[in-house]
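Student: So that we are looking at the same thing, I have put the structure below in C-alpha coordinates.
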Amino acid sequence: MREERTFHEMMQRYNQELLRMRQQAHAAKEASFKQEPAPARPAKEETEAKIAFPGKVESGHTQICRTNQPEDHSLTVGPQGPVLLQDTLLHETLETFVHQKPIERAVHTKGYGAFGHFQLYRCMAEYTTASFLQDPSRSIPTATRFSFAVSNKGTPDTARNVRGFSTKFYLQNGVFDLLCNHIPVFLIRDAMRFPQAIASLSPSPINNLPDGNLFWDFMAHTPEATHFLTWLYSDAGTVASFRTMRGYGVNTYIWRNAAGKRRYVKYHWIPAAGETCIDAAAANRLACENPNVAGQDLWDTLAGGGTVEYELNVQLMDPQMEHTLPYDPLDDTKVWSEEQFPLMPVGKLTLERNPENYTSQVEKLAFSPANLVDGIELSNDKMLQGRSFIYWDAQRRRLGPDFRSIPVNRMEHWKPADAFSKTGLGESACGEQIRTDIEKGDDFTQAGERYRCLSEEARSHLVENIAADLKNASQKDQTCVLGYLQKADETFCEQVKSAMRQA
(Lines give C-alpha, C1' and ligand atoms only; values in the text may rest on other atoms or scores of the structure.)
Protein backbone atom coordinates (compact mmCIF):
# COMPACT_ATOMS: atom_id res chain seq x y z
CA MET A 1 0.00 0.00 0.00
CA ARG A 2 2.87 2.35 0.83
CA GLU A 3 4.51 1.74 -2.57
CA GLU A 4 1.18 2.28 -4.31
CA ARG A 5 0.58 5.54 -2.43
CA THR A 6 4.12 6.71 -3.24
CA PHE A 7 3.60 5.95 -6.93
CA HIS A 8 0.31 7.89 -7.06
CA GLU A 9 1.89 10.83 -5.26
CA MET A 10 4.78 10.81 -7.74
CA MET A 11 2.38 10.74 -10.73
CA GLN A 12 0.33 13.55 -9.19
CA ARG A 13 3.46 15.72 -8.79
CA TYR A 14 4.48 14.88 -12.37
CA ASN A 15 1.11 15.91 -13.78
CA GLN A 16 1.07 19.11 -11.74
CA GLU A 17 4.59 19.98 -12.85
CA LEU A 18 3.77 19.24 -16.53
CA LEU A 19 0.66 21.44 -16.31
CA ARG A 20 2.66 24.24 -14.67
CA MET A 21 5.33 24.15 -17.38
CA ARG A 22 2.74 24.23 -20.16
CA GLN A 23 0.98 27.21 -18.52
CA GLN A 24 4.28 29.07 -18.18
CA ALA A 25 5.17 28.36 -21.80
CA HIS A 26 1.77 29.57 -22.98
CA ALA A 27 2.03 32.73 -20.88
CA ALA A 28 5.54 33.44 -22.18
CA LYS A 29 4.39 33.00 -25.78
CA GLU A 30 1.42 35.35 -25.25
CA ALA A 31 3.68 37.96 -23.60
CA SER A 32 6.19 37.88 -26.48
CA PHE A 33 3.47 38.71 -29.00
CA LYS A 34 2.00 41.51 -26.82
CA GLN A 35 5.34 43.30 -26.35
CA GLU A 36 5.42 44.61 -29.91
CA PRO A 37 2.72 44.76 -32.57
CA ALA A 38 3.24 42.51 -35.56
CA PRO A 39 5.16 44.33 -38.31
CA ALA A 40 3.44 45.06 -41.61
CA ARG A 41 3.74 42.34 -44.22
CA PRO A 42 7.05 42.96 -46.03
CA ALA A 43 7.32 43.34 -49.76
CA LYS A 44 8.08 40.27 -51.85
CA GLU A 45 11.76 41.23 -52.27
CA GLU A 46 12.21 41.74 -48.52
CA THR A 47 10.53 38.40 -47.77
CA GLU A 48 12.76 36.56 -50.20
CA ALA A 49 15.83 38.19 -48.66
CA LYS A 50 14.83 37.04 -45.20
CA ILE A 51 14.22 33.53 -46.47
CA ALA A 52 17.63 33.49 -48.09
CA PHE A 53 19.35 34.80 -44.95
CA PRO A 54 17.30 33.63 -41.99
CA GLY A 55 19.85 34.76 -39.43
CA LYS A 56 19.87 38.38 -40.55
CA VAL A 57 17.67 40.82 -38.61
CA GLU A 58 17.28 44.27 -40.07
CA SER A 59 17.20 47.24 -37.72
CA GLY A 60 13.78 48.20 -36.46
CA HIS A 61 12.42 44.67 -36.79
CA THR A 62 12.18 41.96 -34.13
CA GLN A 63 12.79 38.44 -35.40
CA ILE A 64 10.19 36.18 -33.75
CA CYS A 65 11.32 32.53 -33.76
CA ARG A 66 9.88 29.60 -31.89
CA THR A 67 11.44 29.45 -28.45
CA ASN A 68 12.58 26.28 -26.69
CA GLN A 69 9.43 24.71 -25.23
CA PRO A 70 9.16 22.03 -22.52
CA GLU A 71 6.93 19.85 -24.75
CA ASP A 72 9.86 19.54 -27.18
CA HIS A 73 11.73 17.36 -24.68
CA SER A 74 11.36 13.94 -23.13
CA LEU A 75 10.77 13.66 -19.38
CA THR A 76 14.10 12.88 -17.70
CA VAL A 77 15.58 12.70 -14.20
CA GLY A 78 17.45 15.98 -14.33
CA PRO A 79 18.93 17.53 -17.49
CA GLN A 80 21.38 14.64 -18.07
CA GLY A 81 19.36 11.79 -16.55
CA PRO A 82 17.59 8.86 -18.19
CA VAL A 83 14.24 9.17 -19.96
CA LEU A 84 11.37 8.00 -17.76
CA LEU A 85 9.15 5.18 -18.94
CA GLN A 86 6.14 7.02 -17.49
CA ASP A 87 6.49 9.77 -20.15
CA THR A 88 3.17 9.18 -21.86
CA LEU A 89 3.61 12.30 -23.98
CA LEU A 90 6.75 10.82 -25.56
CA HIS A 91 5.09 7.44 -25.98
CA GLU A 92 2.03 8.84 -27.71
CA THR A 93 4.14 11.07 -29.96
CA LEU A 94 6.17 8.11 -31.22
CA GLU A 95 3.19 5.75 -31.28
CA THR A 96 1.27 8.19 -33.47
CA PHE A 97 4.25 8.47 -35.82
CA VAL A 98 4.58 4.70 -36.15
CA HIS A 99 0.90 4.17 -36.95
CA GLN A 100 0.10 7.28 -38.97
CA LYS A 101 0.59 5.53 -42.33
CA PRO A 102 -1.86 2.76 -43.25
CA ILE A 103 -0.62 -0.58 -44.54
CA GLU A 104 0.06 -0.39 -48.26
CA ARG A 105 -2.37 -1.95 -50.70
CA ALA A 106 -1.48 -5.43 -51.97
CA VAL A 107 -1.91 -4.08 -55.52
CA HIS A 108 -2.38 -0.55 -56.89
CA THR A 109 0.02 0.72 -54.23
CA LYS A 110 1.01 4.01 -55.86
CA GLY A 111 -1.83 6.37 -56.61
CA TYR A 112 -3.23 9.88 -56.75
CA GLY A 113 -6.66 11.26 -55.90
CA ALA A 114 -9.11 13.99 -56.80
CA PHE A 115 -12.65 15.01 -55.88
CA GLY A 116 -15.49 16.16 -58.10
CA HIS A 117 -19.05 15.42 -59.14
CA PHE A 118 -21.03 13.33 -61.61
CA GLN A 119 -23.87 14.80 -63.68
CA LEU A 120 -26.36 12.52 -65.39
CA TYR A 121 -27.40 13.37 -68.95
CA ARG A 122 -30.84 11.75 -68.88
CA CYS A 123 -32.92 9.40 -66.77
CA MET A 124 -31.84 5.77 -67.19
CA ALA A 125 -34.92 4.22 -65.53
CA GLU A 126 -35.58 2.22 -68.70
CA TYR A 127 -32.46 0.20 -67.91
CA THR A 128 -31.80 0.41 -64.15
CA THR A 129 -33.26 1.52 -60.83
CA ALA A 130 -29.85 2.74 -59.58
CA SER A 131 -30.65 5.90 -57.60
CA PHE A 132 -27.89 8.09 -59.07
CA LEU A 133 -29.02 7.30 -62.62
CA GLN A 134 -32.56 8.67 -62.30
CA ASP A 135 -32.51 12.46 -61.88
CA PRO A 136 -30.39 14.58 -64.28
CA SER A 137 -30.84 17.64 -62.06
CA ARG A 138 -28.87 16.07 -59.19
CA SER A 139 -25.13 16.50 -58.86
CA ILE A 140 -23.48 13.44 -57.29
CA PRO A 141 -20.27 14.06 -55.27
CA THR A 142 -17.42 11.71 -56.12
CA ALA A 143 -13.89 10.71 -55.17
CA THR A 144 -11.51 9.23 -57.75
CA ARG A 145 -8.20 7.44 -57.33
CA PHE A 146 -5.79 6.81 -60.22
CA SER A 147 -3.25 4.09 -59.54
CA PHE A 148 -0.71 1.63 -60.94
CA ALA A 149 -1.63 -2.03 -60.65
CA VAL A 150 1.79 -3.49 -59.89
CA SER A 151 3.78 -0.75 -58.23
CA ASN A 152 5.54 0.69 -55.23
CA LYS A 153 5.81 4.31 -54.16
CA GLY A 154 8.79 4.79 -56.48
CA THR A 155 7.32 3.30 -59.66
CA PRO A 156 7.56 5.84 -62.51
CA ASP A 157 4.18 7.05 -63.74
CA THR A 158 5.15 6.26 -67.33
CA ALA A 159 6.26 2.68 -66.68
CA ARG A 160 4.55 -0.03 -68.75
CA ASN A 161 1.73 -0.92 -66.41
CA VAL A 162 -2.01 -1.29 -65.94
CA ARG A 163 -3.46 1.92 -64.54
CA GLY A 164 -6.44 1.90 -62.22
CA PHE A 165 -9.28 4.43 -62.44
CA SER A 166 -11.65 3.94 -59.50
CA THR A 167 -14.50 6.27 -58.57
CA LYS A 168 -16.69 6.38 -55.48
CA PHE A 169 -20.17 7.89 -55.86
CA TYR A 170 -21.56 9.30 -52.59
CA LEU A 171 -25.31 8.63 -52.56
CA GLN A 172 -28.14 9.14 -50.09
CA ASN A 173 -28.67 5.39 -49.87
CA GLY A 174 -25.01 4.39 -49.64
CA VAL A 175 -22.04 4.40 -51.98
CA PHE A 176 -21.43 2.94 -55.41
CA ASP A 177 -17.89 2.06 -56.49
CA LEU A 178 -16.94 1.86 -60.15
CA LEU A 179 -13.55 0.18 -60.51
CA CYS A 180 -11.91 0.49 -63.92
CA ASN A 181 -8.54 -0.04 -65.63
CA HIS A 182 -7.08 1.85 -68.56
CA ILE A 183 -6.81 -1.38 -70.57
CA PRO A 184 -10.14 -3.03 -71.51
CA VAL A 185 -9.12 -6.65 -70.89
CA PHE A 186 -7.35 -8.62 -68.19
CA LEU A 187 -4.77 -11.39 -68.43
CA ILE A 188 -6.80 -14.07 -66.59
CA ARG A 189 -10.48 -14.94 -66.47
CA ASP A 190 -10.63 -16.70 -63.11
CA ALA A 191 -9.72 -15.11 -59.74
CA MET A 192 -8.08 -18.38 -58.68
CA ARG A 193 -5.03 -17.38 -60.71
CA PHE A 194 -4.91 -13.75 -59.58
CA PRO A 195 -2.05 -14.25 -57.09
CA GLN A 196 0.01 -15.95 -59.82
CA ALA A 197 -0.71 -13.14 -62.27
CA ILE A 198 0.38 -10.41 -59.87
CA ALA A 199 3.49 -12.39 -58.85
CA SER A 200 4.48 -12.65 -62.52
CA LEU A 201 4.44 -8.86 -62.87
CA SER A 202 6.21 -8.22 -59.56
CA PRO A 203 9.93 -8.06 -58.73
CA SER A 204 11.82 -11.27 -58.02
CA PRO A 205 11.04 -12.70 -54.56
CA ILE A 206 14.74 -13.55 -54.28
CA ASN A 207 16.40 -10.16 -54.79
CA ASN A 208 13.49 -7.72 -55.30
CA LEU A 209 14.78 -6.83 -58.77
CA PRO A 210 12.68 -6.83 -61.96
CA ASP A 211 12.63 -10.28 -63.55
CA GLY A 212 10.99 -10.55 -66.95
CA ASN A 213 11.30 -14.33 -66.88
CA LEU A 214 8.53 -14.47 -64.29
CA PHE A 215 6.10 -12.77 -66.66
CA TRP A 216 7.00 -14.78 -69.76
CA ASP A 217 6.84 -18.05 -67.83
CA PHE A 218 3.33 -17.07 -66.70
CA MET A 219 2.43 -16.05 -70.27
CA ALA A 220 3.61 -19.41 -71.58
CA HIS A 221 1.08 -21.13 -69.31
CA THR A 222 -1.72 -18.61 -69.93
CA PRO A 223 -2.87 -18.51 -73.56
CA GLU A 224 -5.90 -16.35 -72.63
CA ALA A 225 -3.44 -13.54 -71.80
CA THR A 226 -2.50 -13.11 -75.49
CA HIS A 227 -5.12 -10.42 -76.04
CA PHE A 228 -3.94 -8.57 -72.92
CA LEU A 229 -0.37 -8.73 -74.26
CA THR A 230 -1.38 -6.82 -77.40
CA TRP A 231 -2.67 -3.96 -75.22
CA LEU A 232 0.00 -3.82 -72.52
CA TYR A 233 2.91 -3.91 -74.98
CA SER A 234 1.36 -1.42 -77.36
CA ASP A 235 1.76 2.31 -76.78
CA ALA A 236 -1.46 2.09 -74.73
CA GLY A 237 0.68 0.54 -71.99
CA THR A 238 2.61 3.79 -71.48
CA VAL A 239 0.62 6.89 -70.54
CA ALA A 240 1.87 10.30 -69.39
CA SER A 241 -1.38 11.96 -68.29
CA PHE A 242 -4.53 10.78 -66.54
CA ARG A 243 -6.39 13.64 -68.24
CA THR A 244 -6.12 11.88 -71.60
CA MET A 245 -6.53 8.28 -70.42
CA ARG A 246 -9.57 6.09 -71.01
CA GLY A 247 -11.10 3.87 -68.37
CA TYR A 248 -12.75 0.48 -68.90
CA GLY A 249 -14.87 -1.51 -66.48
CA VAL A 250 -13.25 -4.73 -67.85
CA ASN A 251 -15.75 -6.93 -66.00
CA THR A 252 -19.40 -7.35 -66.95
CA TYR A 253 -22.10 -6.18 -64.52
CA ILE A 254 -25.90 -6.32 -64.69
CA TRP A 255 -28.39 -3.49 -64.82
CA ARG A 256 -31.92 -4.32 -63.66
CA ASN A 257 -34.94 -2.06 -64.16
CA ALA A 258 -38.14 -1.78 -62.10
CA ALA A 259 -39.83 -4.45 -64.20
CA GLY A 260 -37.09 -6.90 -63.31
CA LYS A 261 -35.52 -7.00 -66.79
CA ARG A 262 -31.79 -7.59 -66.63
CA ARG A 263 -29.15 -6.48 -69.12
CA TYR A 264 -25.41 -7.05 -69.21
CA VAL A 265 -23.44 -3.79 -68.98
CA LYS A 266 -19.84 -2.72 -69.59
CA TYR A 267 -18.59 0.69 -68.42
CA HIS A 268 -16.36 3.14 -70.32
CA TRP A 269 -14.81 6.46 -69.25
CA ILE A 270 -13.87 8.64 -72.25
CA PRO A 271 -11.64 11.67 -71.53
CA ALA A 272 -13.01 15.00 -72.75
CA ALA A 273 -9.46 16.12 -73.60
CA GLY A 274 -9.05 13.22 -76.03
CA GLU A 275 -7.10 10.00 -75.67
CA THR A 276 -3.31 10.04 -75.98
CA CYS A 277 -0.41 7.73 -75.14
CA ILE A 278 3.36 7.80 -75.59
CA ASP A 279 5.92 5.39 -77.00
CA ALA A 280 8.58 3.50 -75.05
CA ALA A 281 11.31 6.08 -75.74
CA ALA A 282 9.22 8.96 -74.42
CA ALA A 283 8.15 6.88 -71.42
CA ASN A 284 11.77 6.16 -70.49
CA ARG A 285 12.78 9.80 -70.92
CA LEU A 286 9.92 11.09 -68.76
CA ALA A 287 10.61 8.46 -66.11
CA CYS A 288 14.05 10.01 -65.68
CA GLU A 289 12.94 13.64 -65.87
CA ASN A 290 9.95 13.35 -63.52
CA PRO A 291 8.86 9.91 -62.24
CA ASN A 292 5.62 11.48 -60.96
CA VAL A 293 4.72 13.27 -64.18
CA ALA A 294 1.09 12.07 -64.37
CA GLY A 295 0.36 12.86 -60.74
CA GLN A 296 2.03 16.26 -61.05
CA ASP A 297 0.00 17.03 -64.17
CA LEU A 298 -3.25 16.15 -62.39
CA TRP A 299 -2.41 18.18 -59.30
CA ASP A 300 -1.23 21.24 -61.22
CA THR A 301 -4.30 21.22 -63.44
CA LEU A 302 -6.70 21.28 -60.48
CA ALA A 303 -4.56 23.60 -58.36
CA GLY A 304 -4.54 26.07 -61.24
CA GLY A 305 -8.33 26.20 -61.30
CA GLY A 306 -8.80 23.78 -64.19
CA THR A 307 -10.99 20.69 -64.29
CA VAL A 308 -10.61 17.20 -65.70
CA GLU A 309 -13.64 15.66 -67.39
CA TYR A 310 -14.68 12.19 -68.53
CA GLU A 311 -17.88 11.02 -70.16
CA LEU A 312 -19.41 7.82 -68.83
CA ASN A 313 -20.59 5.50 -71.61
CA VAL A 314 -22.04 2.01 -71.36
CA GLN A 315 -22.52 -0.95 -73.65
CA LEU A 316 -25.70 -2.94 -73.01
CA MET A 317 -26.47 -6.49 -74.07
CA ASP A 318 -29.55 -8.67 -73.70
CA PRO A 319 -28.36 -11.84 -71.90
CA GLN A 320 -30.30 -13.88 -74.48
CA MET A 321 -27.70 -12.83 -77.07
CA GLU A 322 -24.96 -14.54 -75.11
CA HIS A 323 -25.54 -17.84 -76.91
CA THR A 324 -25.32 -16.26 -80.38
CA LEU A 325 -21.82 -14.81 -79.92
CA PRO A 326 -18.58 -16.62 -80.85
CA TYR A 327 -17.11 -15.63 -77.46
CA ASP A 328 -18.32 -15.52 -73.87
CA PRO A 329 -19.43 -11.92 -73.06
CA LEU A 330 -18.65 -12.54 -69.38
CA ASP A 331 -15.02 -13.35 -70.23
CA ASP A 332 -12.87 -10.42 -69.05
CA THR A 333 -10.17 -11.24 -71.62
CA LYS A 334 -12.62 -10.14 -74.35
CA VAL A 335 -14.12 -6.85 -75.55
CA TRP A 336 -17.57 -6.32 -77.04
CA SER A 337 -17.82 -5.00 -80.58
CA GLU A 338 -18.80 -1.32 -80.46
CA GLU A 339 -20.53 -1.74 -83.81
CA GLN A 340 -22.76 -4.51 -82.49
CA PHE A 341 -23.11 -2.98 -79.01
CA PRO A 342 -22.70 0.79 -79.47
CA LEU A 343 -21.56 3.11 -76.70
CA MET A 344 -24.41 4.93 -74.95
CA PRO A 345 -23.52 8.25 -73.24
CA VAL A 346 -24.79 8.36 -69.64
CA GLY A 347 -23.24 11.33 -67.87
CA LYS A 348 -20.13 13.36 -67.13
CA LEU A 349 -17.56 13.13 -64.34
CA THR A 350 -15.83 16.40 -63.49
CA LEU A 351 -12.76 16.38 -61.24
CA GLU A 352 -12.28 19.83 -59.73
CA ARG A 353 -10.56 19.62 -56.36
CA ASN A 354 -7.29 18.24 -55.01
CA PRO A 355 -7.21 16.41 -51.67
CA GLU A 356 -6.32 18.42 -48.59
CA ASN A 357 -4.78 15.45 -46.79
CA TYR A 358 -3.35 12.63 -48.89
CA THR A 359 -3.32 9.96 -46.21
CA SER A 360 -6.86 10.45 -44.90
CA GLN A 361 -8.50 11.27 -48.23
CA VAL A 362 -6.63 9.12 -50.77
CA GLU A 363 -4.74 6.35 -49.01
CA LYS A 364 -7.75 5.52 -46.86
CA LEU A 365 -10.18 5.34 -49.76
CA ALA A 366 -11.59 1.80 -49.64
CA PHE A 367 -13.03 0.55 -52.92
CA SER A 368 -14.87 -2.69 -53.64
CA PRO A 369 -16.84 -3.98 -56.64
CA ALA A 370 -19.33 -5.23 -54.06
CA ASN A 371 -20.25 -1.66 -53.08
CA LEU A 372 -23.42 -1.71 -55.19
CA VAL A 373 -26.84 -0.08 -55.11
CA ASP A 374 -30.24 -1.46 -55.99
CA GLY A 375 -30.47 -1.81 -59.77
CA ILE A 376 -26.82 -2.84 -60.28
CA GLU A 377 -25.77 -6.46 -59.79
CA LEU A 378 -22.87 -8.81 -60.30
CA SER A 379 -22.91 -11.04 -63.35
CA ASN A 380 -21.52 -14.58 -63.50
CA ASP A 381 -18.19 -13.14 -64.62
CA LYS A 382 -15.85 -15.47 -62.69
CA MET A 383 -13.19 -12.83 -62.15
CA LEU A 384 -15.73 -10.29 -60.90
CA GLN A 385 -17.30 -12.71 -58.46
CA GLY A 386 -13.90 -13.54 -57.02
CA ARG A 387 -13.12 -9.85 -56.57
CA SER A 388 -16.50 -9.13 -54.99
CA PHE A 389 -15.64 -10.40 -51.52
CA ILE A 390 -11.84 -10.26 -51.28
CA TYR A 391 -11.72 -6.46 -51.57
CA TRP A 392 -13.53 -6.01 -48.25
CA ASP A 393 -11.08 -8.43 -46.64
CA ALA A 394 -8.17 -6.46 -48.08
CA GLN A 395 -9.53 -3.17 -46.71
CA ARG A 396 -10.19 -4.73 -43.31
CA ARG A 397 -6.57 -5.86 -43.07
CA ARG A 398 -5.20 -2.55 -44.32
CA LEU A 399 -7.40 -0.05 -42.48
CA GLY A 400 -8.97 -2.07 -39.67
CA PRO A 401 -12.45 -3.51 -39.13
CA ASP A 402 -14.04 -0.05 -39.04
CA PHE A 403 -12.74 1.03 -42.46
CA ARG A 404 -16.27 1.92 -43.57
CA SER A 405 -16.54 4.58 -40.84
CA ILE A 406 -13.56 6.53 -42.19
CA PRO A 407 -15.05 9.84 -43.40
CA VAL A 408 -13.85 9.52 -47.00
CA ASN A 409 -15.68 6.18 -47.27
CA ARG A 410 -18.95 7.63 -45.87
CA MET A 411 -20.45 4.40 -44.56
CA GLU A 412 -20.50 5.34 -40.88
CA HIS A 413 -23.59 3.38 -39.88
CA TRP A 414 -23.02 0.44 -42.20
CA LYS A 415 -24.25 -2.99 -41.18
CA PRO A 416 -24.09 -6.31 -43.07
CA ALA A 417 -27.75 -6.03 -44.09
CA ASP A 418 -26.82 -2.88 -46.04
CA ALA A 419 -24.75 -5.03 -48.38
CA PHE A 420 -27.88 -6.97 -49.36
CA SER A 421 -27.77 -7.40 -53.13
CA LYS A 422 -30.43 -8.73 -55.43
CA THR A 423 -27.73 -10.30 -57.58
CA GLY A 424 -29.13 -13.51 -59.02
CA LEU A 425 -32.45 -13.35 -57.17
CA GLY A 426 -35.20 -14.94 -59.23
CA GLU A 427 -32.76 -16.77 -61.51
CA SER A 428 -32.30 -20.52 -61.44
CA ALA A 429 -28.94 -22.25 -61.23
CA CYS A 430 -28.46 -25.98 -61.34
CA GLY A 431 -25.71 -28.35 -62.40
CA GLU A 432 -22.73 -30.34 -61.22
CA GLN A 433 -20.13 -28.62 -59.04
CA ILE A 434 -16.92 -28.55 -61.09
CA ARG A 435 -13.63 -26.71 -61.50
CA THR A 436 -13.13 -26.03 -65.20
CA ASP A 437 -12.53 -23.34 -67.80
CA ILE A 438 -15.35 -21.57 -69.62
CA GLU A 439 -16.77 -23.31 -72.68
CA LYS A 440 -16.04 -20.61 -75.28
CA GLY A 441 -12.43 -19.68 -74.56
CA ASP A 442 -11.19 -18.58 -78.02
CA ASP A 443 -7.94 -17.10 -76.73
CA PHE A 444 -6.53 -15.76 -80.01
CA THR A 445 -9.17 -14.29 -82.36
CA GLN A 446 -9.47 -10.91 -80.64
CA ALA A 447 -5.69 -10.72 -80.16
CA GLY A 448 -5.27 -10.99 -83.94
CA GLU A 449 -8.01 -8.44 -84.54
CA ARG A 450 -6.33 -6.04 -82.14
CA TYR A 451 -3.01 -6.34 -84.00
CA ARG A 452 -4.58 -5.80 -87.41
CA CYS A 453 -6.61 -2.75 -86.36
CA LEU A 454 -3.50 -0.82 -85.29
CA SER A 455 -1.78 1.66 -87.55
CA GLU A 456 1.48 0.64 -89.18
CA GLU A 457 3.48 2.67 -86.68
CA ALA A 458 1.52 1.26 -83.72
CA ARG A 459 2.05 -2.32 -84.97
CA SER A 460 5.77 -1.62 -85.30
CA HIS A 461 5.95 -0.36 -81.70
CA LEU A 462 3.98 -3.35 -80.42
CA VAL A 463 6.33 -5.78 -82.18
CA GLU A 464 9.47 -3.97 -81.00
CA ASN A 465 8.27 -3.79 -77.39
CA ILE A 466 7.43 -7.50 -77.22
CA ALA A 467 10.64 -8.56 -78.97
CA ALA A 468 12.84 -6.45 -76.66
CA ASP A 469 11.56 -8.36 -73.62
CA LEU A 470 10.73 -11.79 -75.05
CA LYS A 471 14.28 -12.24 -76.40
CA ASN A 472 15.51 -12.57 -72.77
CA ALA A 473 13.02 -15.32 -71.89
CA SER A 474 13.89 -19.01 -71.87
CA GLN A 475 13.71 -20.92 -75.16
CA LYS A 476 10.77 -22.91 -73.87
CA ASP A 477 8.78 -19.80 -72.99
CA GLN A 478 9.69 -18.13 -76.29
CA THR A 479 8.36 -21.12 -78.19
CA CYS A 480 5.06 -21.11 -76.31
CA VAL A 481 4.45 -17.37 -76.62
CA LEU A 482 5.41 -17.25 -80.30
CA GLY A 483 3.01 -20.14 -80.85
CA TYR A 484 0.21 -18.06 -79.33
CA LEU A 485 1.08 -15.08 -81.51
CA GLN A 486 1.04 -17.29 -84.59
CA LYS A 487 -2.47 -18.46 -83.73
CA ALA A 488 -3.49 -14.81 -83.39
CA ASP A 489 -1.87 -13.65 -86.65
CA GLU A 490 0.95 -15.27 -88.61
CA THR A 491 2.38 -11.95 -89.77
CA PHE A 492 2.38 -10.73 -86.19
CA CYS A 493 4.40 -13.77 -85.12
CA GLU A 494 6.91 -13.46 -87.97
CA GLN A 495 7.42 -9.77 -87.26
CA VAL A 496 8.22 -10.50 -83.59
CA LYS A 497 10.63 -13.30 -84.57
CA SER A 498 12.44 -10.98 -86.97
CA ALA A 499 12.66 -8.21 -84.39
CA MET A 500 14.05 -10.66 -81.83
CA ARG A 501 16.83 -11.69 -84.22
CA GLN A 502 17.77 -8.06 -84.84
CA ALA A 503 17.57 -6.97 -81.21
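The values are calculated or read from the model by the stated rules, or taken from the named source; none is laboratory data. Everything quoted here is computed from the prediction, not taken from an experiment. Every residue, glycine among them, receives a Cβ derived from its backbone with ideal geometry; neighbour counts consider all protein chains shown.
Student: Do you know which residues across the range 221-261 are assigned to a loop (DSSP other than H, G, I, E, B) and among the charged types (D, E, K, R)?
Tutor: ARG246, LYS261
The rows are residues; the columns are (1) hydrophobic (A, V, I, L, M, F, W, C); (2) on the phi < 0 side of the Ramachandran plot; (3) part of a loop (DSSP other than H, G, I, E, B).
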{"residue": "THR158", "(1), (2), (3)": "no, yes, yes"}
{"residue": "ASN161", "(1), (2), (3)": "no, yes, yes"}
{"residue": "GLY164", "(1), (2), (3)": "no, yes, no"}
{"residue": "TYR170", "(1), (2), (3)": "no, yes, no"}
{"residue": "LEU179", "(1), (2), (3)": "yes, yes, no"}
{"residue": "VAL185", "(1), (2), (3)": "yes, yes, yes"}
{"residue": "ALA199", "(1), (2), (3)": "yes, yes, no"}
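Student: Count, please, the residues in the range 307-322 that happen to be under 17 Å from ALA272 (Cβ atoms) and polar (S, T, N, Q).
Tutor: Result for the range 307-322: 2.
Student: Where the second residue is part of a loop (DSSP other than H, G, I, E, B) and the first is at positive phi and lies in the range 227-255, which pairs have Cβ atoms under 8 Å and are six or more apart or on separate chains?
Tutor: Short answer, once both residue conditions are applied: VAL250/ILE183; VAL250/PRO184; VAL250/VAL185; VAL250/PHE186; VAL250/ASP332.
Student: With respect to the numbered conditions (1) over 16 Å from THR142 (Cβ atoms); (2) under 15 Å from the mean Cα position of the chain (by Cα), which one is the sole condition not fulfilled by LEU378?
Tutor: (2)
Student: Suppose we filter THR301, THR324, THR333 for residues that are surrounded by fewer than 18 Cβ atoms within 10 Å (Cβ to Cβ) and not small (Gly, Ala, Ser); which single one remains?
Tutor: THR324
Student: Suppose we keep only residues that are among the hydroxyl-bearing types (Ser, Thr, Tyr) and in contact (Cβ under 8 Å) with a residue 40 or more places away in the chain within the range 445-463. Which one would you say is farthest from ASP279 (Cα to Cα)?
Tutor: Checked the range 445-463; the qualifying residue farthest from ASP279 (Cα to Cα) is THR445.
Student: Can you find a residue in the range 254-264 that is under 21 Å from the mean Cα position of the chain (by Cα) and either among the hydrophobic types (A, V, I, L, M, F, W, C) or over 19 Å from PHE115 (Cα atoms) (or both)?
Tutor: no
Student: I need the full set of residues from the range 129-183 which are under 30 Å from LEU209 (Cβ atoms) and among the small types (Gly, Ala, Ser), in order please.
Tutor: Correct list: SER147, ALA149, SER151, GLY154, ALA159, GLY164, SER166.
Student: For ALA27, indicate whether it is surrounded by fewer than 11 Cβ atoms within 10 Å (Cβ to Cβ), at pLDDT 60 or above, of a type in the set (Gly, Ala, Ser) and outside the structural domain of TYR358 (by TED's automatic domain parsing).
Tutor: The answer is yes for ALA27.
Student: Tell me, please, whether a residue that is within 30 Å of ALA473 (Cα to Cα), buried (at least 18 other Cβ atoms within 10 Å of the Cβ) and not hydrophobic (A, V, I, L, M, F, W, C) can be found in the range 194-216.
Tutor: Yes - at least one qualifying residue is present in the range 194-216.
Student: From (1) assigned by TED's automatic domain parsing to the domain that holds GLY164; (2) at pLDDT below 95, pick out the condition that doesn't hold for VAL362.
Tutor: All conditions are met except number (2).
Student: Taking GLU439, is it not in a helix (DSSP H, G or I) and not hydrophobic (A, V, I, L, M, F, W, C)?
Tutor: yes
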